[in-house]
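Chemist: Here's a structure for you.
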Amino acid sequence: MAERTAAAGGSASAERFREARHAGSMPAGAEDVGTGRAEAPRHGDVTRLQVRVDPGTGIIRDARFKAFGCSFAIASADLVADRVTGRALASALEVTADEVGAALELPAAKWYCAELAYDALRAAVADYETKRDAQIET
Amino acid sequence: MAERTAAAGGSASAERFREARHAGSMPAGAEDVGTGRAEAPRHGDVTRLQVRVDPGTGIIRDARFKAFGCSFAIASADLVADRVTGRALASALEVTADEVGAALELPAAKWYCAELAYDALRAAVADYETKRDAQIET
Amino acid sequence: MPLLPATGADSIMVTLPIYMDSHATTRLDPRVLDAMLPYLGEHFGNASSRTHPFGWKAAEAVDAARHQVAELIGARSSEIVFTSGATESNNLAIKGVIAAHDARPCHLVTVVTEHHAVLDPCQRVEAEQGCAVTRLGVDSDGLIDPNELTAAITPHTALVSVMAANNEIGVRQPIAAIAEAARARGVPVHTDAAQAVGRVPIDVGALGVDLASVSAHKMHGPKGVGALYVRRSRRAKLVPIIDGGGHEYGLRSGTLNVPGIVGFGKAAALASVEMDATVRQIARLRDRLWEQLRSRLHGVQLNGSRTHRLPHNLNVSFAHVDGQALLTALDDVAVSSGSACASATDEPSYVVQALGATRERARASVRFGLSRETTEAEVDYVADKVARVVMRLRDLSPLADESTDAGCDPAVEEWLTGG
Amino acid sequence: MPLLPATGADSIMVTLPIYMDSHATTRLDPRVLDAMLPYLGEHFGNASSRTHPFGWKAAEAVDAARHQVAELIGARSSEIVFTSGATESNNLAIKGVIAAHDARPCHLVTVVTEHHAVLDPCQRVEAEQGCAVTRLGVDSDGLIDPNELTAAITPHTALVSVMAANNEIGVRQPIAAIAEAARARGVPVHTDAAQAVGRVPIDVGALGVDLASVSAHKMHGPKGVGALYVRRSRRAKLVPIIDGGGHEYGLRSGTLNVPGIVGFGKAAALASVEMDATVRQIARLRDRLWEQLRSRLHGVQLNGSRTHRLPHNLNVSFAHVDGQALLTALDDVAVSSGSACASATDEPSYVVQALGATRERARASVRFGLSRETTEAEVDYVADKVARVVMRLRDLSPLADESTDAGCDPAVEEWLTGG
Ligand SMILES: Cc1ncc(COP(=O)(O)O)c(C=O)c1O
Ligand SMILES: Cc1ncc(COP(=O)(O)O)c(C=O)c1O
């Protein structure tokens, strides 16, 4: 039955949630850190994602998240953080919400959790780019 | 539940039905035999009861029944036959339907079976008395 | 003289009492119980508990059982709504469709020989929702005429409900033809298949029905669980009768009876695999019983069609015998009777009477329900015992005396046919 | 870093996973299973088969179970109608009374915190039978005000339905006072006692209710069986929802689930004997759990009245924590949550929100359901594990960062109370 699909336990997402490796935060004021925040107002979930970028190579060296929400939201944030680490900032947004949702086998009703993590990532990338561009301009 | 009470098995009446000792018939034309017949039209049951009376003592020496009907009807007829055997004809009708119904623990819906047997007995007694009186008169 | 003189050898080969009332219920198959036991033990979770393994385990078991039941009747899992039994399924189908049918006047078609679990809900919607009900009669074989059904359908007809197989006389209605006729007029079709499923092949696709009621305990599964098949395509609109939580696609709420459902699934799986073999075996034994009774007794008459019949059903009237008396005399054989004394009502079997039989023939009817557990020795024992009891009861009957002779065919025939 | 670092010693004293979700369902007591097994075996008869010992044996067992269930709630046997569970019982009570209530307009009174098995039938009669429904609110303790109830009753009120104890927050409504108020106005009273019966003493006479719903699987009995108590004197008129054959005094047809009913009876008998002792033990363990959680964590809040509460219920909101996430982290402890993610709907617990709590507090709520099987070691394990998971999840929460500190009372209080 459909009900079953909302169960988190034993699933890929529950696994990722329980083993989350990228929880934490970095100084938001740091020049090499981009911080993004996204909310799902209908659900009340909040995800914050931070990336630390190597200014020379443009490679994301580290990614950290904090999230308030269900296990799916936390797992999504952790997976996004995981997948962008080691990537070039320029290609970070290729880690799409659909990719995350599929990898975590999110039930349809929880797809928004992957979108939330992606939105936070996009905001983090934008934040870093804004900072960087501001630095270049000055 | 009420349903249970209509079950015949294991009950006093089922016992009597299975062990019926007075089934049979006697020549209805015989002078010392009274034959009675009763029907329960609503149910379709028919009971015939016969008594053989010692003309000298007025004692019922034998009683036989035939019955078409459920086990309660047959048991009732057998019990009536049993109880009147050895009794004076004059007191035979003291074997009432209520006595029979109670002895067989008939469920309320089957009480009519005892009444049927009693009606057959009454008819048998009347038949014998008619015969006897006719004999005396002639 | 006791009613039935004991005989010597006939109880040697069989274990008494013999159960031959499989229309009422069947023995839980030990393999079904084995399947249920874990869910009566450590796997006791609520299938709706979605946050822990106790719940997941239960939900998985329900899923698997749903699949097994679906498979038995050629349905998809998503078309199986678990209920507490076929009585509930029938009520859900009939009341559910009528409640969802907004238009008035409203009309439904059913058959006089249906089970009370269909007749009573029909009467309820008739009395309380002003839904007109046509109850089709049957011929002397117990079969309805599909043309009569077609003629009965009006533009207001919301549902046709015809049973797949009768619980007393085992007669199988021509459901495929009925469904075709009804569907041609756009009317959804329900079939009470409680007596048929698990005993004979039933494929809801081939039958073309929209709704079908199934009961686990009629097929060696547990009591208290059943299903309503609800076709997905052109799905009949259905208002639930039990609301609260939205279980079972919103059609039947309430905590799922997980062990019962698991047992139902297992019983269905066993039937799927074993039915072909058991159907033949049971029919052969049933025919043997019938031949033995006929060869030993005059004045026996089969009630219902000889051919359009469940393989395990035999329904016979014994002239000049009351069925209840016969049953009571059969103290070590469990069968049932159409006698009024054996039922809650005061009237002998309405099903047998619907064949055109007299009240007497109806009250003289006895239903033998064989099963895959029935042995040849049991059949022989039952045939012998029944024959002897019938002869003895006829001996006891003043009617037999008064007509000519219980053994004499013309009188008996008259009696049986109500002349 | 994994979400929850493993610790050493804490799993030594307990068997994992620990079940603490007894509001959802309870483990079948092995003694109940033992009582059921003969009826899942040789005594497989249909209780309505009145012509042979298989049926009599079943009917006797049902009679005995009916007596046991009646005794537990201070009723007479003839006042117990067996059903498939409390969901069905609630539907029968509510739809049955409204259908029997000829007069229109028609009105019924219930409470916002009722189980869906009451709310949904109420909504059904509202939508489809034009019966007006008043849903009384509750105070911050979860209790209704009997005066408000009295005020809500109109000359058209056909029924008052108020639960005996809530399934999420365990709050016990003042049923005796409610029933007195309603009866003074001549209105029959139904109570959904599914969570109360077998766990705390319930006497339908003392409560003065007319109808009461009971479920076996909430009291270590089997799933798929329940009862509706129907008072005999001044009996409320009731139209059955499942017709067909007239079982259960005509109020609920269908082949009786004999093994289930036998198990229900046994569970009731065990509860009758053992309740006094187990209630105290369970309440003590529940209080221990609460004390441990409070001593280890800031920002915990009890949902529902401290005193008018089932002994085995603890419902707590943990500030800045999503209940579903907490449950998923508690991989070896089975509890449930008012989080939307844990339910079928998109909205966190309507029950906790009815207390005046924010959606956040509702989604942060966790329900602990102890039982007579719960041990002290289990309580200690659960308290420790929950405390550590809560701290870790708060660590993860951007909200806690953004306000001041998850451990800081003012912010947490504000969060919990919706400031
Ligand atoms: C034809 C038919 N329909 C419905 C039912 C009722 O099914 P259940 O016993 O599952 O309530 C039965 C059996 O009693 C039946 O034979
Ligand atoms: C208060 C309440 N009412 C009704 C029910 C439904 O009972 P059942 O599970 O027997 O259908 C439950 C349990 O789910 C409950 O907690």
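Chemist: Output the helices (runs of 4 or more DSSP H) that fall wholly within region B:4-113 and possess 2 or more residues being touching a residue at least 40 places away in the same chain (Cβ under 8 Å), or say none.
Modeler: Where helices (runs of 4 or more DSSP H) fall fully within region B:4-113 and carry at least 2 residues being touching a residue at least 40 places away in the same chain (Cβ under 8 Å), they are B:12-18, B:71-84.
Chemist: Restricted to region A:35-71, and to residues that are more than 12 Å from the chain's Cα centre (by Cα), closer than 21 Å to residue A:90 by Cβ and small (Gly, Ala, Ser), which residue is farthest from the other protein chains (Cβ to nearest Cβ)?
Modeler: A:56
Chemist: Out of region C:243-268, which residues are within 16 Å of ligand 1 (Cβ to nearest atom) and free of Cβ contacts under 8 Å to residues at least 60 places away in the same chain?
Modeler: C:254
Chemist: Quick test of your reading of the structure: residue D:371 fulfils all but one of (1) small (Gly, Ala, Ser); (2) touching a Lys or Arg at 6+ places or on another chain (Cβ under 8 Å); (3) buried (at least 24 other Cβ atoms within 10 Å of the Cβ). Name the failing condition by number.
Modeler: Of (1) small (Gly, Ala, Ser); (2) touching a Lys or Arg at 6+ places or on another chain (Cβ under 8 Å); (3) buried (at least 24 other Cβ atoms within 10 Å of the Cβ), only one is false for residue D:371: (3).
Chemist: Hey, another quick one. Inspect region C:63-76 for any residue being under 32 Å from the mean Cα position of the chain (by Cα), facing chain D (nearest Cβ under 10 Å), at pLDDT 95 or above and surrounded by fewer than 17 Cβ atoms within 10 Å (Cβ to Cβ) and give the result as yes or no.
Modeler: Looking through region C:63-76, none of the residues is under 32 Å from the mean Cα position of the chain (by Cα), facing chain D (nearest Cβ under 10 Å), at pLDDT 95 or above and surrounded by fewer than 17 Cβ atoms within 10 Å (Cβ to Cβ).
Chemist: Right, another one. Collect the residues in region C:124-141 that are within 18 Å of residue D:128 (Cβ to Cβ) and either among the aliphatic types (A, V, I, L, M) or in a strand (DSSP E or B) (or both), keeping them in residue-number order.
Modeler: C:125, C:127, C:131
Chemist: If a residue has to be away from ligand 2 (no atom under 16 Å from the Cβ), touching a helix residue (DSSP H, G or I) at 6+ places or on another chain (Cβ under 9 Å) and part of a helix (DSSP H, G or I) to count, how many in region D:12-47 make the cut?
Modeler: Residues flagged as away from ligand 2 (no atom under 16 Å from the Cβ), touching a helix residue (DSSP H, G or I) at 6+ places or on another chain (Cβ under 9 Å) and part of a helix (DSSP H, G or I) within region D:12-47 amount to 9.
Chemist: Can you pull out the residues in region C:89-115 that are within 22 Å of residue C:146 (Cα to Cα), within 13 Å of another protein chain (Cβ to nearest Cβ) and not in a strand (DSSP E or B)?
Modeler: C:90, C:93, C:94, C:114, C:115
Chemist: With the structure loaded, tell me whether residue C:148 is in contact with a strand residue (DSSP E or B) (Cβ under 6 Å, 6 or more places away or on another chain) and surrounded by fewer than 24 Cβ atoms within 10 Å (Cβ to Cβ) or whether it fails that test.
Modeler: Answer is yes for this residue.
Chemist: Can you tell me which residue within region C:181-201, out of those that are within 12 Å of the chain's Cα centre (by Cα) and small (Gly, Ala, Ser), is farthest from ligand 2 (Cβ to nearest atom)?
Modeler: C:196
Chemist: Could you list, in sequence order, all residues of region C:279-296 that are more than 26 Å from residue C:113 (Cβ to Cβ) and in contact with a helix residue (DSSP H, G or I) (Cβ under 8 Å, 6 or more places away or on another chain)?
Modeler: Across region C:279-296, the qualifying residues are C:288, C:292, C:296.
Chemist: What number goes with the only condition from (1) away from chain C (no Cβ under 14 Å); (2) touching a strand residue (DSSP E or B) at 6+ places or on another chain (Cβ under 6 Å) that residue D:60 does not pass?
Modeler: Here residue D:60 meets the rest and fails (2).
Residues are listed down the side, and each one gets a yes or a no for (1) within 16 Å of ligand 2 (Cβ to nearest atom); (2) more than 16 Å from the chain's Cα centre (by Cα):
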site: C:213; (1), (2): no, no
site: C:219; (1), (2): no, no
site: C:222; (1), (2): no, no
site: C:236; (1), (2): no, yes
site: C:247; (1), (2): yes, yes
site: C:250; (1), (2): yes, yes
site: C:253; (1), (2): yes, yes
site: C:259; (1), (2): yes, yes
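Chemist: Oh, and also: Look at residue D:225 and say whether it is closer than 30 Å to residue C:227 by Cβ, within 16 Å of ligand 1 (Cβ to nearest atom), within 14 Å of another protein chain (Cβ to nearest Cβ) and among the aliphatic types (A, V, I, L, M).
Modeler: So residue D:225 passes the test.
Chemist: Run residue D:121 past the list (1) part of a strand (DSSP E or B); (2) within 16 Å of ligand 2 (Cβ to nearest atom); (3) in contact with a helix residue (DSSP H, G or I) (Cβ under 6 Å, 6 or more places away or on another chain) and report the number of the one that doesn't hold.
Modeler: (1)
Chemist: Quick one: in region B:68-123, of everything that is among the polar types (S, T, N, Q) and touching a strand residue (DSSP E or B) at 6+ places or on another chain (Cβ under 8 Å), which residue is nearest to residue C:347 (Cα to Cα)?
Modeler: B:76
Chemist: Something else: Only one of (1) at pLDDT 95 or above; (2) crowded, with 16+ Cβ neighbours inside 10 Å; (3) within 14 Å of chain D (Cβ to nearest Cβ) fails for residue C:34. Which number is that?
Modeler: Against the list (1) at pLDDT 95 or above; (2) crowded, with 16+ Cβ neighbours inside 10 Å; (3) within 14 Å of chain D (Cβ to nearest Cβ), residue C:34 comes up short only on (2).
Chemist: Go through region C:228-242 and give me each residue that's more than 16 Å from ligand 1 (Cβ to nearest atom), touching a residue at least 60 places away in the same chain (Cβ under 8 Å) and out of contact with any Phe, Trp or Tyr (no Cβ under 9 Å at 6 or more places or on another chain).
Modeler: C:231, C:232, C:236, C:237, C:238, C:239, C:240
Chemist: Does residue C:86 satisfy the criteria of being more than 10 Å from chain D (Cβ to nearest Cβ) and aliphatic (A, V, I, L, M)?
Modeler: No: the conditions fail for residue C:86.
Chemist: Within region D:58-98, track down each residue that is hydrophobic (A, V, I, L, M, F, W, C), touching a Leu at 6+ places or on another chain (Cβ under 9 Å) and either within 16 Å of ligand 1 (Cβ to nearest atom) or more than 21 Å from residue D:275 (Cα to Cα) (or both).
Modeler: D:58, D:59, D:62, D:81, D:82, D:92, D:93, D:94, D:97, D:98
Chemist: Residue check: is residue C:235 of a type outside the set (A, V, I, L, M) and closer than 19 Å to residue C:163 by Cβ?
Modeler: no
Chemist: Let me ask you something else. Show the residue pairs meeting these rules: Cβ distance below 8 Å; 6+ apart or different chains; first residue within region D:147-170 and within 16 Å of ligand 2 (Cβ to nearest atom); second residue of a type in the set (Lys, Arg) and outside any loop (DSSP other than H, G, I, E, B).
Modeler: What qualifies is D:164/D:172; D:165/D:172; D:166/D:172; D:168/D:367; D:169/D:309; D:169/D:367; D:170/D:309.
Chemist: Pairs only if they're at least six apart or on different chains, beta carbon under 9 angstrom, first in region D:298-319 and more than 20 Å from residue D:114 (Cα to Cα), second buried (at least 23 other Cβ atoms within 10 Å of the Cβ) and among the aromatic types (Phe, Trp, Tyr); list them, first residue then second.
Modeler: Short answer, once both residue conditions are applied: D:299/D:318; D:300/D:318; D:301/D:318.
Chemist: Scanning for something within 22 Å of residue C:113 (Cβ to Cβ), hydrophobic (A, V, I, L, M, F, W, C) and away from every other protein chain (no Cβ under 14 Å), does region C:321-342 turn up at least one residue?
Modeler: no
Chemist: Quick one: residue C:199 ticks every box in (1) within 14 Å of chain D (Cβ to nearest Cβ); (2) in contact with a Ser or Thr (Cβ under 9 Å, 6 or more places away or on another chain) bar one, so which box is it?
Modeler: (1)
Chemist: Okay, moving on. Taking residue D:51 as the residue in question, decide whether it is buried (at least 24 other Cβ atoms within 10 Å of the Cβ), at pLDDT 95 or above and part of a loop (DSSP other than H, G, I, E, B).
Modeler: No, not satisfied.
Chemist: Hey, could you check region C:65-86 for residues that are in contact with a strand residue (DSSP E or B) (Cβ under 8 Å, 6 or more places away or on another chain) and charged (D, E, K, R) and say which is farthest from ligand 2 (Cβ to nearest atom)?
Modeler: C:79
The values are calculated or read from the model by the stated rules, or taken from the named source; none is laboratory data. What you see is a predicted model; the values in this text were computed from it and never measured. Cβ sites come from the backbone with ideal geometry, for glycine too, and all protein chains shown count toward neighbours.
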